[in-house]
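**Q** I have a structure here, written as structure tokens, and I will follow up with some questions on it.
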């Protein structure tokens, strides 16, 4: 019965330790900036319009085809008296979060850094009663970035960390 | 033991019962279904039904370019997604003849071994439940896995489906405190392994339940094409990391855990030893890994295209040999992709292992193979 | 003719019994809720978790919430089930457990009835619940349920024998089957000192009787997925749970009374009702804690090992204990002989348990595992 005694002592030792429970809905773990939830569109606060020009790059690269993009002429373009340098701008944009597999490819292919993965808890807590509610439109995709509630992080693929010693030497 | 025809003649002949286990059953580890033909409590025949989770991942990947395929590889082996990604990107690298920077390889190794640890923790937990310990092993497993998954989240951004290895290297660099974090995780992992060791290894009831149960001999195991801990427990010390070293496994000192009994207990203790070996490997990797350096070759094309050719790459995933056979006819996507899944081959031996054992044994034999159904069905 | 009840003299015995039964039923409900809550908390601590904490202060209302949920659930019956056996099964499990409460002595003067053959009554009645298990298993028309019910019957019958023999051994030592009188004899030294092996075997057999780990094969959730109550839901399922925890409660009271000195040890019978109740409760909780501790620590036995352990290890040892008790009784030897014999018996039991479970692996002749070495092994 030594083995049984050993098992029971092991459980007793965990009985004595501090619980490891995270009180989840009350206490949220701090998310790292690399965290990936679902893609979001970013808002250009300087000109007060989306970064996205509706170039379809992400739509073409998406492996699960969860995006639908429509572009239009930018009414705010310089030639029309506005202050934006974007000739075309996003008109309508849908992402089906129920279909997205969070592979980060849309972020990587974007030429304008207009899309990023949501790295806040709102991206993770997306339960809805109807799966059709998971299809997000342009307003919903932009709102978080527009309100500044995103810890923006757009990775550069293949870029290594800079060696502080080497930087100092220069 | 069992009322047999020879002992009692035909007047006591009984009808065997067909017991349907799964696809919804607590112990089938996913949507696996097996029909047990039982005589009382003794299993006379096992009819496994696989394919409930078939998604055609291989065929899907043939319509995707190489970067898009990575995400699907994650999902074929969700408990050890880094290992699955590794095979895929290594196949692409072999086809396109890309040299991977040294630092990226070290990071890949560390992450793969950590993933092996997390996968084996999962095995320990699920197996403990199969054997019948109430709740404890699963929570033990979960609390250690949580530490490792937290680290993965910091590195790759996701807890299960990483999409982090890319042809040529890594998607982005690890955080600055990576080494310290890995050491921190290893510290907690050691406690976790010790807990499991104390809870199960020496327990008499555990041993009597598992020793001598589900025996498969070396010859049979080889004939079924088993691999990983399941074959090493039968006395065949086959390990791709040792036999055909990839990454930098040839620069690392580690043992291949193997047993000779070939029973459920041997498969369990093989995994237990492997976890300690993984910890050793990670420590050595941390010593040898450079702190800074490139993680991708200088010139990577924006859209990767490979010359025509075919390649078979195998790596040692936690459940055995995870192979990728890839044919390219040029262009940016594979012409044919075949995943050699260790679980599928290991599962074939289920019948040989569980016939003439008790129902409870059939359950733990299934648990001891440690299947991931998404890898079996793909 | 009348009896005393709460200071009232000469109460009608039927009225008295009725009132006491009502109190016992209330007590059972409260205690079962307490036990389920405690079990969840204790298991959680063993797993380094917190356990229920959202319902009420410290999650104390969790059991109430569970009960409300269970009562509110739909009472399902499979189409192909045998209606009468299926519906009546839970009652046949629950009622015998309720009946065993009659003999449980909670305090010096407080019990329902102290029967002269109390322990015999206890063992006989608690064995009746097998009928309910097999009714549930057969009536559900489910193969898991049938398998679980058959396991349950085989196990109950095997472990009833050591249990009964333990009771016999203790009754020989105490000279009575009346649980109240047994408790009263333990005001100096609890019987576990003189009968250690009996206590140990009684504990093991009680675990099996209660279907607790490591003998929980009838309900083993990883094999037969709940066993006899796989098809039950709602209130009927909760009756099985109620019966299970009520059985643990009465078994813990009986164990505390038989071996740990019940309400009397170590303070005597003149310490007042409150302390006596606390003593009984504390000893019962100790029993419960160990049961839960074992549950979270050890795996489940297989059916053949389980049966073998009862017939080959427990039964012979209890028979020897009965024999030794008889010898002491006849020859009038000192009780220390029993202590020594009991300790030797415990040592034998521990060794035999280790040997029984560590016997050579059962490897069929056709399955050998030759070792392959060297380069040939690297396939």
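The values are calculated or read from the model by the stated rules, or taken from the named source; none is laboratory data. Since the model is a prediction, treat every value here as computed from it, not as a measurement. So basically every Cβ, Gly included, is an ideal-geometry build from the backbone, and we count neighbours across all protein chains shown.
**Q** Which one of these does residue B:350 not meet: (1) at pLDDT below 90; (2) in contact with a strand residue (DSSP E or B) (Cβ under 7 Å, 6 or more places away or on another chain); (3) surrounded by fewer than 24 Cβ atoms within 10 Å (Cβ to Cβ); (4) closer than 24 Å to residue B:104 by Cα?
**A** The one condition residue B:350 does not meet is (4).
Each row is one residue, and each column tells you yes or no for (1) touching a strand residue (DSSP E or B) at 6+ places or on another chain (Cβ under 8 Å); (2) crowded, with 24+ Cβ neighbours inside 10 Å; (3) facing chain C (nearest Cβ under 8 Å); (4) more than 14 Å from residue B:262 (Cβ to Cβ).
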site: B:186; (1), (2), (3), (4): no, no, no, yes
site: B:190; (1), (2), (3), (4): no, no, no, yes
site: B:210; (1), (2), (3), (4): no, yes, no, no
site: B:215; (1), (2), (3), (4): no, yes, yes, no
site: B:224; (1), (2), (3), (4): no, no, no, no
site: B:233; (1), (2), (3), (4): no, yes, no, no
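**Q** Report yes if some residue within the stretch B:42-55 is modelled with pLDDT of 85 or more and within 14 Å of chain A (Cβ to nearest Cβ); otherwise report no.
**A** yes
**Q** If you check A:95, A:105, A:150, which single one turns out to be buried (at least 17 other Cβ atoms within 10 Å of the Cβ), under 16 Å from the mean Cα position of the chain (by Cα) and modelled with pLDDT under 85?
**A** A:150
Table: residues versus (1) crowded, with 21+ Cβ neighbours inside 10 Å; (2) out of contact with any strand residue (DSSP E or B) (no Cβ under 6 Å at 6 or more places or on another chain).
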{"site": "B:311", "(1), (2)": "no, no"}
{"site": "B:314", "(1), (2)": "yes, no"}
{"site": "B:319", "(1), (2)": "yes, yes"}
{"site": "B:331", "(1), (2)": "no, yes"}
{"site": "B:345", "(1), (2)": "yes, yes"}
{"site": "B:354", "(1), (2)": "yes, no"}
{"site": "B:361", "(1), (2)": "yes, yes"}
{"site": "B:370", "(1), (2)": "yes, yes"}
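**Q** Could you check the stretch A:14-30 and list, in sequence order, the residues that are surrounded by 13 or more Cβ atoms within 10 Å (Cβ to Cβ) and more than 8 Å from chain B (Cβ to nearest Cβ)?
**A** A:15, A:19, A:21, A:28
**Q** Given the conditions (1) part of a helix (DSSP H, G or I); (2) facing another protein chain (nearest Cβ under 7 Å); (3) within 20 Å of the chain's Cα centre (by Cα), report the number of the one that residue B:154 does not fulfil.
**A** Status for residue B:154: all satisfied but (3).
**Q** Still on this structure, I have one more. Based on what the data block shows, is residue A:34 within 30 Å of residue A:107 (Cβ to Cβ) and either within 13 Å of chain B (Cβ to nearest Cβ) or at pLDDT 85 or above (or both)?
**A** Numbers: within 30 Å of residue A:107 (Cβ to Cβ): yes; either within 13 Å of chain B (Cβ to nearest Cβ) or at pLDDT 85 or above (or both): yes.
Criteria met by residue A:34.
**Q** Right, next: Can you confirm whether the stretch C:83-98 contains a residue that is surrounded by fewer than 14 Cβ atoms within 10 Å (Cβ to Cβ), out of contact with any strand residue (DSSP E or B) (no Cβ under 9 Å at 6 or more places or on another chain) and away from every other protein chain (no Cβ under 14 Å)?
**A** yes
**Q** Condition first: closer than 21 Å to residue C:121 by Cβ and over 19 Å from the mean Cα position of the chain (by Cα). Can you find one or more residues in the stretch C:258-280 that meet it?
**A** yes
**Q** Kindly list the number of the only condition in (1) over 20 Å from residue A:33 (Cβ atoms); (2) surrounded by fewer than 17 Cβ atoms within 10 Å (Cβ to Cβ); (3) within 11 Å of chain B (Cβ to nearest Cβ) that fails for residue A:162.
**A** (1)
**Q** Just give me the residues in the stretch A:94-143 being in a loop (DSSP other than H, G, I, E, B), under 20 Å from residue B:75 (Cα atoms) and free of Cβ contacts under 8 Å to residues at least 60 places away in the same chain, in sequence order. Quick ask: steps written out before the conclusion?
**A** Restricting attention to the stretch A:94-143, the residues satisfying the condition of being in a loop (DSSP other than H, G, I, E, B) are A:97-104, A:110-114, A:118-120, A:125-130, A:137.
Now narrow it down to the ones that are under 20 Å from residue B:75 (Cα atoms): A:97-104.
Of everything in the stretch A:94-143, those that are in a loop (DSSP other than H, G, I, E, B), under 20 Å from residue B:75 (Cα atoms) and free of Cβ contacts under 8 Å to residues at least 60 places away in the same chain turn out to be A:97, A:98, A:99, A:101, A:103.
**Q** Of the conditions (1) facing another protein chain (nearest Cβ under 7 Å); (2) within 23 Å of the chain's Cα centre (by Cα); (3) in contact (Cβ under 8 Å) with a residue 60 or more places away in the chain, residue B:195 fails just one. Which one is it?
**A** (3)
Every residue, every condition in (1) closer than 28 Å to residue C:85 by Cβ; (2) within 14 Å of chain B (Cβ to nearest Cβ); (3) surrounded by fewer than 24 Cβ atoms within 10 Å (Cβ to Cβ); (4) touching a residue at least 24 places away in the same chain (Cβ under 8 Å), yes or no:
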position: C:220; (1), (2), (3), (4): yes, yes, no, yes
position: C:226; (1), (2), (3), (4): yes, yes, yes, yes
position: C:229; (1), (2), (3), (4): yes, no, no, yes
position: C:234; (1), (2), (3), (4): yes, no, yes, yes
position: C:273; (1), (2), (3), (4): no, no, yes, yes
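**Q** For the stretch C:100-122, name all the residues that are surrounded by fewer than 18 Cβ atoms within 10 Å (Cβ to Cβ) and in a helix (DSSP H, G or I). Don't jump to the end; show me each part of the working.
**A** Start the filter on the stretch C:100-122 by keeping residues that are surrounded by fewer than 18 Cβ atoms within 10 Å (Cβ to Cβ), which leaves C:109-110, C:113-117, C:120.
Within the stretch C:100-122, just C:120 meets the criteria.
**Q** Separate question: Go through A:79, A:84, A:7 for me and flag whichever is facing chain B (nearest Cβ under 9 Å), at negative phi and either surrounded by 12 or more Cβ atoms within 10 Å (Cβ to Cβ) or at pLDDT below 85 (or both).
**A** Details: A:79 fails: facing chain B (nearest Cβ under 9 Å); A:84 fails: facing chain B (nearest Cβ under 9 Å).
Selected residue: A:7, the only one of A:79, A:84, A:7 that is facing chain B (nearest Cβ under 9 Å), at negative phi and either surrounded by 12 or more Cβ atoms within 10 Å (Cβ to Cβ) or at pLDDT below 85 (or both).
**Q** Next question, about the same structure. Kindly check whether there is at least one residue in the stretch C:324-333 that is within 24 Å of residue C:189 (Cα to Cα) and within 14 Å of chain B (Cβ to nearest Cβ). Talk me through it step by step, then tell me what you get.
**A** Here is the first cut: in the stretch C:324-333, the ones within 24 Å of residue C:189 (Cα to Cα) are C:324-333.
Those left that are additionally within 14 Å of chain B (Cβ to nearest Cβ): none.
No, that holds for no residue.
**Q** Considering only the stretch A:144-170, how many residues are over 22 Å from residue A:42 (Cα atoms) and in a helix (DSSP H, G or I)?
**A** Number of matching residues: 6.
**Q** Just name the residue that is nearest to the other protein chains (Cβ to nearest Cβ) out of those in the stretch A:37-53 that are out of contact with any helix residue (DSSP H, G or I) (no Cβ under 8 Å at 6 or more places or on another chain) and assigned to a strand (DSSP E or B).
**A** Across the stretch A:37-53, the extreme among qualifying residues is A:44.
Residue by residue, here is whether (1) more than 14 Å from chain C (Cβ to nearest Cβ); (2) farther than 21 Å from residue B:320 by Cβ holds:
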| site | (1), (2) |
| --- | --- |
| B:101 | yes, yes |
| B:111 | yes, no |
| B:126 | no, no |
| B:130 | no, no |
| B:142 | no, yes |
| B:145 | no, no |
| B:148 | yes, no |
| B:164 | yes, yes |
| B:167 | yes, yes |
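**Q** Please go through the stretch B:273-310 and give me each residue that is in contact (Cβ under 8 Å) with a residue 12 or more places away in the chain and within 14 Å of chain A (Cβ to nearest Cβ), ordered by number.
**A** Selection gives B:289, B:290, B:291, B:292, B:293, B:294, B:295, B:296, B:297, B:300, B:303, B:304.
**Q** Residue C:261 passes all but one of (1) more than 14 Å from chain B (Cβ to nearest Cβ); (2) modelled with pLDDT under 85; (3) surrounded by fewer than 23 Cβ atoms within 10 Å (Cβ to Cβ); which number fails?
**A** Tallying (1) more than 14 Å from chain B (Cβ to nearest Cβ); (2) modelled with pLDDT under 85; (3) surrounded by fewer than 23 Cβ atoms within 10 Å (Cβ to Cβ), residue C:261 fails exactly one: (3).
**Q** Step by step: first the residues of the stretch A:115-147, then only those that are within 14 Å of chain B (Cβ to nearest Cβ) and surrounded by 19 or more Cβ atoms within 10 Å (Cβ to Cβ), then the one that is farthest from the chain's Cα centre (by Cα). Which residue is that?
**A** Top of the filtered list is A:123.
**Q** Pull up the stretch B:280-309, narrow it to residues that are in contact with a helix residue (DSSP H, G or I) (Cβ under 6 Å, 6 or more places away or on another chain) and closer than 21 Å to residue B:183 by Cβ, then point me to the one that is surrounded by the fewest Cβ atoms within 10 Å (Cβ to Cβ).
**A** Across the stretch B:280-309, the extreme among qualifying residues is B:290.
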